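Have a look at the structure below before the remarks.
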Amino acid sequence: MTSSKLDSIFTPGLVAAQQPQWPGGPEGEPIRSAVDVLKKLPPLVFAGECDNLKARIAEAAEGRAFWLQGGDCAETFVAATADSIRNRIKTILQMAAVLQYFASMPVIKVGRMAGQFAKPRSNNDETRDGVTLPAYRGDAVNDLAFTLEARTPNPQRLVQVYNTSAATLNLVRAFTTGGFADLRQVHEWNKGFASDPRFGARYEQLANEIGRALEFMVSAGVDPEAFKTVDFYSSHEALILEYEKALTRIDSRTGLPYDVSGHFVWVGERTRQLDGAHIDFASKIQNPIGVKIGPKTTPEDALAMIAKLNPANEPGRLTFITRMGAGQIREKLPSIVDAVTKSGAKVLWVCDPMHGNTYETSTGYKTRKFDDVMDEVRGFFAVHKALGTHPGGVHIELTGDDVTECVGGGEQISEADLAGRYETACDPRLNHTQSLELAFLVAEMLRDR
Ligand code: PEP
Ligand code: MN
C-alpha cells in the first residue's frame, strides 16, 4: 500500500485537540519535511509483538494476568541515559516480581517509555514575570527552558523522538533478554529494599516468602528459561498525530495498519473526544489501545467509546485507564464498570492513581501524596471486588532515581523536601523507593482479594 493510501485510512478534517502550533502551520514545509523523514524510517516495534501483547491483555481482561505500566510523565532527550533507563527498568522489574508472586498470576510489564515525549497542557501559554511564551509540550515539540527560541515548536524534534526511542528500546531489549532481568537477581535487589529499617519488618516478611519459594524451586532443580528473560513492552500517549500517523504502517502478514511507534498507545483524558481526530486514529490501528477516563466520564461515554474503538469486541483490544482521584473513585467508578460489564464488552480495567491526585504546594511545586495514590488504588480494588470484576492493573508515573517529587511514603518526604531533587519535566513521579512500597502494598491487596 502506498503512503497516500495509508493517509486515507484516517478520516480527514476532524478536530485534533492539543496539537502544537508548528512554524509554517499544520501543512507547512517544516512539519512536512519531518514527516517525510519519519515515513521512511524502519518500525520501532513489530506488529507481531503488538499482537502478542494484545493476547496477554485479553488474558488480563479475563482475570488471569495483571498489568503493570510505569515510567516518566514526560521522557526527555537528556534523561535517555544508560543509568536512567536501567534504573527505570530495574524498578519496574522489582515491582513486577513482587506483584507476580502475591497475585499468583503473570504480570504484563509495560514501560511508559521509548516514546512518551509529548504532553497535553491545560494552557497554550505560560507567563512568568510578565513574559508570555508557548507552554512546554514535551521534548517532542519544544524545550523546557523559558526562552522564545526554546519554546518555539520545532518539528525536527519528532525525528529526535524516533531516534531516542530507538536507542531506548535497544537498551530495554538488551536489559530484558541479556541476563540483567534474571528473577533471582531481581529478588536480591528486593531483599535490599525490604531490609531497610525505615520500613519496619512488613516488606521483609513478604520478600522472605518470595525468597523461600525461589530457594525451593532451585533446590528442586527447577531452572526455567522464563527466570532469565522477560517480555517488556513500550507504550506512550498517542498525542502528536503527525508522528503517530507517519509511523503507522501496513503489516505485511495481515495487510492491516499498525502504529509501530510503540506496542501500546493510549488516548489521554484531554483528547478523547468521540468525534475527534485522536479517537479516529486509535480506531483505525490494530495495536492494543487504551483510553484514560476521568471523573466526568459517564457510563454512556464509556459505552460509546467501546462502540467506536472495539465494535467487534476483540479480546485485548481495549483498556480503560481510570484516573478518578482518591476522593471520587468509590463514587464514580461503579456505574461505569457496571454498565460496561452488563453490555458484555471485554475491557481491561487499569487504575492510574496519579492524575486525579495532583496538587500544588504553597511553594509552587506540583506534587502528589503517596497516601492519596494508595487510597485511589484501594478504592479501585474495593469497587472491583464489590462488582465481581478484575482489578486488572496499575499505571504509575515513576522513576528509578531518588527524586523528591511526591510527598510521603516510608522516607516521609515532606513538602519542604521537594526542592532537594525535583527533576521532572512535567508531573511528579514516585521515586524508586516509593514505587517499591506501592508494589508491596498492591501485592498485599492482590493476595487478600
Ligand atoms: C498523563 O498520563 O501524563 C496525562 C496527561 O494523563 P491524563 O490524560 O489522564 O490527564
Ligand atoms: Mn502525567
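Just checking, how many residues over the stretch 382-401 are of a type outside the set (Ser, Thr, Tyr) and in contact with an Asp or Glu (Cβ under 9 Å, 6 or more places away or on another chain)?
9
Can you pull out every residue in the stretch 407-438 that is within 15 Å of ligand 1 (Cβ to nearest atom) and either within 21 Å of Ala96 (Cα to Cα) or not hydrophobic (A, V, I, L, M, F, W, C) (or both)?
Thr424, Asp427, Pro428, Arg429, Leu430, listed by residue number.
When you look at Arg151, is it within 18 Å of Val110 (Cβ to Cβ) and charged (D, E, K, R), yes or no?
Considered against the rule, which asks whether it is within 18 Å of Val110 (Cβ to Cβ) and charged (D, E, K, R), Arg151 comes out as no.
Would a scan of the stretch 330-349 turn up a residue that is more than 18 Å from the chain's Cα centre (by Cα) and acidic (Asp, Glu)?
Yes, that holds for at least one residue.
Restricting attention to the stretch 346-364, which residues are surrounded by 21 or more Cβ atoms within 10 Å (Cβ to Cβ) and either over 19 Å from Glu397 (Cα atoms) or more than 14 Å from ligand 2 (Cβ to nearest atom) (or both)?
Val347, Leu348, Trp349, Val350, Cys351 - these are the residues of the stretch 346-364 that are surrounded by 21 or more Cβ atoms within 10 Å (Cβ to Cβ) and either over 19 Å from Glu397 (Cα atoms) or more than 14 Å from ligand 2 (Cβ to nearest atom) (or both).
Restricting to the stretch 30-47, name every residue that is hydrophobic (A, V, I, L, M, F, W, C) and assigned to a loop (DSSP other than H, G, I, E, B).
If the condition is that a residue be hydrophobic (A, V, I, L, M, F, W, C) and assigned to a loop (DSSP other than H, G, I, E, B), then Leu41, Leu44, Val45, Phe46 are the ones that fit.
Of all the residues that make up the stretch 363-419, how many are more than 30 Å from Ala61 (Cβ to Cβ) and in contact with a strand residue (DSSP E or B) (Cβ under 7 Å, 6 or more places away or on another chain)?
Of the residues in the stretch 363-419, 11 are more than 30 Å from Ala61 (Cβ to Cβ) and in contact with a strand residue (DSSP E or B) (Cβ under 7 Å, 6 or more places away or on another chain).
For His395, state whether it is touching a Cys at 6+ places or on another chain (Cβ under 8 Å) and not in a helix (DSSP H, G or I).
yes
Given the conditions (1) among the β-branched types (Val, Ile, Thr); (2) away from ligand 2 (no atom under 16 Å from the Cβ); (3) crowded, with 21+ Cβ neighbours inside 10 Å, and given that Thr341 satisfies all but one, which numbered condition is not satisfied?
Going through the list (1) among the β-branched types (Val, Ile, Thr); (2) away from ligand 2 (no atom under 16 Å from the Cβ); (3) crowded, with 21+ Cβ neighbours inside 10 Å, Thr341 breaks only (3).
Take the conditions at pLDDT below 95 and surrounded by fewer than 23 Cβ atoms within 10 Å (Cβ to Cβ) and apply them to Arg378. Does it pass? First the steps, then the outcome.
Values: at pLDDT below 95: no; surrounded by fewer than 23 Cβ atoms within 10 Å (Cβ to Cβ): yes.
So Arg378 does not fit the description; no.
What pairs come out if I take residues in the stretch 69-80 that are at positive phi and assigned by TED's automatic domain parsing to the domain that holds Cys406 and pair them with residues that are charged (D, E, K, R) and buried (at least 19 other Cβ atoms within 10 Å of the Cβ) whose C-beta lies under 7 Å away, six or more apart or interchain?
Pairs found: Gly71/Arg88; Gly71/Arg112.
I'd like to know if the stretch 424-433 contains one or more residues that are polar (S, T, N, Q), in contact with a Gly (Cβ under 8 Å, 6 or more places away or on another chain) and part of a helix (DSSP H, G or I).
yes
If you scan the stretch 73-128, which residues turn out to be basic (Lys, Arg) and either within 16 Å of ligand 1 (Cβ to nearest atom) or surrounded by fewer than 18 Cβ atoms within 10 Å (Cβ to Cβ) (or both)?
If the condition is that a residue be basic (Lys, Arg) and either within 16 Å of ligand 1 (Cβ to nearest atom) or surrounded by fewer than 18 Cβ atoms within 10 Å (Cβ to Cβ) (or both), then Arg86, Arg88, Arg112, Lys119, Arg121, Arg128 are the ones that fit.
Would you pick out the residues in the stretch 251-282 that are surrounded by fewer than 18 Cβ atoms within 10 Å (Cβ to Cβ) and away from ligand 1 (no atom under 16 Å from the Cβ)?
Asp251, Ser252, Arg253, Thr254, Gly255, Leu256, Asp275
Condition test on Asp125, is it touching a Ser or Thr at 6+ places or on another chain (Cβ under 6 Å) and assigned by TED's automatic domain parsing to the domain that holds Leu241?
It is true that Asp125 is touching a Ser or Thr at 6+ places or on another chain (Cβ under 6 Å) and assigned by TED's automatic domain parsing to the domain that holds Leu241.
For the subset of the stretch 220-274 comprising residues that are among the acidic types (Asp, Glu) and within 16 Å of ligand 2 (Cβ to nearest atom), which member is farthest from the chain's Cα centre (by Cα)?
So the first thing to find is which residues in the stretch 220-274 are among the acidic types (Asp, Glu), and the list is 223, 225, 231, 237, 242, 244, 251, 259, 269.
Those left that are additionally within 16 Å of ligand 2 (Cβ to nearest atom): 237, 269.
On the way: Glu237: 8, Glu269: 13 Å.
The selected residue is Glu269.
Tally time: how many residues in the stretch 208-239 are in contact with a helix residue (DSSP H, G or I) (Cβ under 7 Å, 6 or more places away or on another chain) and crowded, with 21+ Cβ neighbours inside 10 Å?
The number of residues fulfilling the criteria is 6.
Might you check whether a residue that is within 16 Å of ligand 2 (Cβ to nearest atom), buried (at least 19 other Cβ atoms within 10 Å of the Cβ) and not polar (S, T, N, Q) occurs anywhere in the stretch 404-419?
yes
Residue by residue through the stretch 374-396, note down the ones that are within 16 Å of ligand 2 (Cβ to nearest atom) and touching a helix residue (DSSP H, G or I) at 6+ places or on another chain (Cβ under 7 Å).
Hits for the stretch 374-396 are Glu376, Val394, Ile396.
Return yes or no: is Gly290 within 16 Å of ligand 2 (Cβ to nearest atom) and touching a residue at least 12 places away in the same chain (Cβ under 8 Å)?
In short, yes.
The values are calculated or read from the model by the stated rules, or taken from the named source; none is laboratory data. Predicted model only: the values in this text are computed from it and were never measured. Because the Cβ atoms are built from the backbone with ideal geometry, glycine has one as well, and the counts that use them run over all protein chains shown.
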